[in-house]
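Below is one structure, written out as structure tokens; comments come after it.
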Amino acid sequence: MTGSFLKTTIAATVLLAAAGSASADKASDTVNVAFTKELENVDSYFNSSREGVVLQRAVWDGLIYRDPDTNEYKGNLATAWEWIDDTTLEFKLREGVTFHNGEPFNADDVVFTVNYVADEANGVKTQRNVNWMKSAEKIDDYTVRIHLKNAFPAAIEFLSGPVSMYPDEYYAEAGPSGMGLKPVGTGPYKVTEVVPGQHFVLEANEAYHDSPKGKPTIKNIDIRTIPDVNTQMAELFSGSLDLIWQVPADLAERLSAMEQFTVANESTMRVGYLVMDAAGRSDPETPFKDIRVRQAVNHAIDRETLVSALLKGKSQVVWTPCFPSQFGCDQDVTQYDYNPEKAKELLAEAGYPDGFTTDFYAYRNRDYAEAITLYLNAVGIKTNFKMLQYSALRELNMKGEVPITFQTWGSYSINDASAMVSQFFKHGALDASRDDVVLADLDIADSATDPKVREEYYSKAIKRIADEAYWAPMFSYNTNYVFKDEIGYTPTPDEVLRFTTMTWN
Amino acid sequence: MLHFILKRLFLAILVAGTVSFISFSLMFLSGDPAAALAGETASGEDVEAIRVLYGFDRPMLVQYAEWLGAAVTGDFGESYYFKLPVASLIAERLSVTMILGVCGISFSLLTAVPLGVIAAMRPNSLIDRAALFLSVAGQAMPSFWFGLILIVVFSIKLGWLPASGTSGWPNFVMPTIVLGYYAMPAIMRLTRAGMLDVLSSDYIRTARAKGASETRVLFKHALRNAIIPVVSLAAVQMGFMLGGSIVVESVFALHGAGYLAWESIGRNDLPTVQALILIFSMFYIVFTFLSDVLNAWLDPRMRSS
């Protein structure tokens with residue numbers, strides 16, 4: 001993995017050897033960007049990666065837009081919207097908008113898109129993004145209603161994020177594979193070249209409407225897939241890349257010290273946490289059924305040190321099973337200070353004066369997970385560390401065979417607590433606590449339309465989760481962006497690389 | 001000869017089939033393919049929907065039989081990840097890996113064989129020691145390290161070669177050197193050992209006693225015999241280069257078949273992994289067969305055996 005000590009050492013060598021040779025591509029008005037991951041399909045409904053989200057926001061528009069700074073909802077392809085009842089939303093659409101292929105945007109496009117993606121048979125990859133919608137109905141050419149399956153107050157948040165509007169005529173003909181190769185949207189950038197898995201070229205949409213996303217000022221964006229972060233840095237130094245992101249913290253720190261590039265750091269919604277088998281699914285005798293053991297785990301870990309030594313940047317300690325900025329994510333909850341002595345006392349009270357041994361699972365950030373196990377070992381909880389592929393661990397988790405595991409969740413950048421706490425505490429296959437009280441509270445919070453009621457019940461659920469120490473929430477993640485000084489860019493906390501807000505200095 | 005070829009062909013198909021079956025089984029043991037496909041952000045319901053959609057809920061043997069039946073007709077199905085036909089996806093990627101593999105093995109042979117011969121001619125000389133040093137260094141140095149050093153020197157400092165990509169032949173220079181250098185030590189040492197062995201044999205002494213020129217002794221009598229195990233080794237190395245150029249492809253962002261295989265395993269993209277395993281194993285078998293033929297040509301005694 002990119003974070004390995006050896007690779008980092010080598011990267012540092014590259015840094016030192018390479019100092020002083022950067023040159024920008026300002027003359028051709030092109031920003032050259034690297035993605036680490038191969039994108040399976042540009043069609044935003046058929047990929048689930050962060051890179052896909054970046055392209056989705058550049059190429060397509062949603063009906064609504066959430067200002068990443070103020071979290072205020074603004075009209076994008078819709079100019080106004082209102083709840084007709086708990087399960088019906090009506091939108092007035094923006095007139096005069098055209099897709100990149102010249103097709104005009106109107107109610108037919110919204111109806112087609114919603115009906116297509118809401119139909120499970122069409123296999124949209126992340127069903128949760130769309131499966132709350134039942135259908136759409138055209139009222140007139142520029143008025144449309146979306147019918148929901150059940151009351152779903154987070155609808156506005158989802159409509160401002162992953163639900164893009166597609167051209168009905170083109171998509172009916174091209175389908176996901178055609179859209180993946182020749183994407184057509186209304187967004188600020190149009191795609192001029194796609195080489196699957198390797199290369200995407202975007203060009204500013206000159207006819208872009210008056211969207212809150214803003215008109216692009218940089219004409220071309222050239223995105224290449226370069227899997228190795230060291231190669232990305234070499235390209236940055238040799239001048240053939242202008243911007244890289246998701247740079248590991250230690251490398252970003254070194255790059256920052258060189259004062260040759262701008263290194264920007266911004267938090268993301270991804271939260272790291274330990275899940276403990278409070279329901280005793282892995283073993284009816286598991287120590288984690290005892291609240292004192294779970295509290296001991298919470299007291300055993302020095303989160304502040306983990307954040308300052310490993311994650312750095314804008315990462316912060318998190319005490320809740322949701323990201324602090326999310327709607328309903330009450331921060332006034334029980335916090336467990338770093339107190340290894342207290343942890344040992346709690347373990348002794350629970351009948352484990354000499355500690356115990358447990359399997360400990362992780363699937364990413366081995367360095368973070370290992371640091372956490374060291375803290376656990378120090379209070380007597382000996383860990384059998386098991387690093388698995390995500391799919392393998394997920395399977396074990398769903399079967400309830402995992403006593404304690406280090407997990408992370410990014411909430412798809414949805415700024416609503418339901419995207420995290422409701423995902424894991426509603427008795428689904430990944431719920432390791434199965435608390436009926438929490439379930440009842442979340443059911444109310446997830447379906448109420450009154451924001452105050454939602455806040456009240458999310459708060460109750462979150463407080464109970466913290467009091468019962470079902471999880472040991474750890475920290476939020478951050479992302480490092482490194483770019484040439486010629487580029488002006490301020491990253492946002494939702495981890496969406498926004499080309500529209502980039503400028504030349 | 002036809003009988004021999006047919007027998008080998010039958011064996012090849014049997015080996016490829018066995019390899020593909022074992023790998024198919026192992027892929028299913030490595031984790032839930034539906035969960036891997038659904039991705040990190042999917043809910044339990046998403047995973048279940050994908051399990052049914054792709055037929056993972058059926059017995060593994062049924063899935064394997066279906067895949068094999070289609071593969072025989074050249075239909076490897078559609079990549080779960082890219083939603084593209086696996087055959088076209090691999091064809092595109094394999095060309096990059098083939099270029100890299102052929103260039104790499106050529107580089108290895110063109111440097112290792114002459115070096116091995118020269119080293120054997122002057123054992124314990126400065127040139128012999130230098131060749132052995134190169135060989136040790138080649139084996140000790142990780143490919144990604146060597147690749148990055150080349151990038152630093154030739155892309156960043158000198159600006160002569162592109163650091164990554166596949167847009168033209170200059171993109172292949174550094175990957176060829178890295179890949180070729182990895183295979184070079186074994187070939188060089190085998191050539192050197194073979195030559196040392198042959199040069200001290202009776203028939204070489206006889207040839208020299210009969211007054212044959214040193215060039216004729218070296219190339220006509222010695223090298224022809226010393227090279228036989230090298231041919232077999234080169235065939236194995238070539239097979240390795242095709243399947244194992246993952247690190248080089250990753251460092252230089254070449255998007256070849258080796259890297260595709262590596263990534264596809266992580267993504268549980270079964271159709272792609274299966275097709276690649278089958279193709280790579282076929283390459284191994286073909287190269288081994290070709291090396292046998294070449295050896296038979298070099299050493300007539302092998303023809304009768």
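What follows is calculated from the coordinates using simple rules that are stated; it is not laboratory data. The structure displayed is predicted, hence computed values, not measured ones. Note: ideal-geometry Cβ built from the backbone for every residue, glycine included; neighbour counts use all protein chains shown.
Computed over region A:101-144, the quotient of the alpha carbon radius of gyration and 2.2 N^0.38 Å is 1.25.
Cα-Cα pairs above 23 Å in chain B: how many percent? Everything past 23 Å amounts to 65 percent.
Go from 0 up to the bin containing the longest alpha carbon distance in region B:108-214, width 5 Å each, and give me the % of pairs per bin. Calculated over all Cα pairs of region B:108-214, the distribution is 2, 12, 17, 16, 14, 13, 9, 6, 4, 4, 2, 0 percent. With a 10 Å cut-off between alpha carbons and a GNM built on chain B, which of B:Phe133, B:Phe287, B:Phe240 moves the most? Judging by the Gaussian network model, the answer is B:Phe133.
Taking amide H positions as modeled 1.01 Å from N, with prolines and chain starts lacking one, the residues under 5 Å from A:Val97 and 5 or more places away or on another chain are A:Phe105.
Taken over the alpha carbons of region B:54-176 as equal point scatterers, the Debye sum produces base-10 log I(q)/I(0) values at 0.10, 0.11, 0.13 Å⁻¹ of -0.59, -0.66, -0.79. Across region A:63-206 the C-alpha pair distances fall into 10 Å bins from zero in the proportions 11, 40, 37, 11, 1 percent. Take the Cα of A:Ala429, step 7 Å toward its Cβ, do the same at B:Ala130, and the gap between the two points is 6.3 nm.
A convex hull fitted around the alpha carbon atoms of region A:52-94 yields 94 Å³ per residue. For region A:27-68, the residues whose amide N sits under 17 Å from a probe point set 7 Å from the Cα of A:Ile139 along the beta carbon direction are A:63-64. Take the Cα of B:Phe28, step 7 Å toward its Cβ, do the same at A:Thr217, and the gap between the two points is 5.8 nm. Convex hull volume of the C-alpha atoms in region A:376-505, normalised per residue: 176 Å³. Measuring nothing but alpha carbons in region A:340-396 and taking Rh as the Kirkwood radius, the Rg to Rh ratio lands at 1.07. When B:Ile149, A:Ile404 are arranged by Cβ crowding within 10 Å, least crowded first, meaning fewest neighbours, the order is B:Ile149, A:Ile404. Across all directions, the average flat footprint of the convex hull enclosing the Cα atoms of chain A is 23.0 nm².
Based on C-alpha pairs under 8 angstrom that are at least 6 apart in sequence, chain B has a relative contact order of 26 percent. For A:Arg145, neighbours were defined as the other residues whose beta-carbon sits under 12 Å from its Cβ, and their charges (Lys and Arg +1, Asp and Glu -1) total -2. Here the spin labels are modelled as points 7 Å beyond Cα on the Cα-Cβ line, and at A:Ser177 and B:Arg224 they lie 5.5 nm apart. With a 10 Å cut-off around each Cβ of B:148-158, the average count of Cβ atoms from other chains is 6.
Given R0 = 22 Å, the distance between the Cβ atoms of A:Met258 and A:Ser28 translates into a calculated FRET efficiency of 0.30.
Among the chymotrypsin sites (Phe, Trp or Tyr not before Pro) in region A:361-439, none is located in a DSSP loop while being surrounded by at most 10 other Cβ atoms within 10 Å of its own Cβ.
With θ taken as phi - 60° and the Karplus curve 6.51 cos²θ - 1.76 cosθ + 1.60 applied, the whole-hertz 3J(HN,Hα) list for region A:27-36 is 4, 8, 6, 10, 9, 8, 10, 10, 9, 7 Hz, x standing for glycine and proline. With a Förster radius of 25 Å applied to the beta-carbon distance between A:Ala80 and A:His147, the computed FRET efficiency rounds to 0.85. P(r) tail for region B:140-179: Cα pairs beyond 16 Å make up 26% of the total. Here region B:148-305 has an Rg and Dmax of 20.7, 65 Å, counting Cα atoms alone. Centre-to-centre, using Cα atoms only, region B:260-290 and region A:221-291 are separated by 31 Å. Backbone amide hydrogens, once placed in the peptide plane, bring A:Arg66 within less than 5 Å of A:Lys74, excluding anything fewer than 5 places away on its chain.
With a sphere of radius 14 Å drawn around the Cβ of A:Lys134, what net charge do the other residues whose Cβ falls strictly inside it have (Lys, Arg +1; Asp, Glu -1)? Local charge sum for A:Lys134: -3.
Counting only Cα atoms, region A:140-185 measures 35, 25, 17 Å along its principal axes, largest extent leading.
Would you mind checking the pairs A:Lys399/A:Lys460; A:Lys289/A:Lys460; A:Lys74/A:Lys452; A:Lys314/A:Lys399; A:Lys74/A:Lys190 and listing those with alpha carbons more than 30 angstrom apart? In this structure, A:Lys314/A:Lys399 exceed 30 Å between Cα atoms. Normalising by residue count, region A:245-393 has a Cα convex hull of 140 Å³ per residue. Think of region B:36-140 as having a plus end and a minus end, set by charges on the Cβ of Lys, Arg, Asp and Glu; of B:Ile99, B:Pro123, B:Leu61, B:Pro123 sits farthest toward the positive end of this dipole.
Between A:Met133 and A:Lys149, the built amide H atoms are under 5 Å apart, and every one of these is 5 or more places off in sequence or on another chain.
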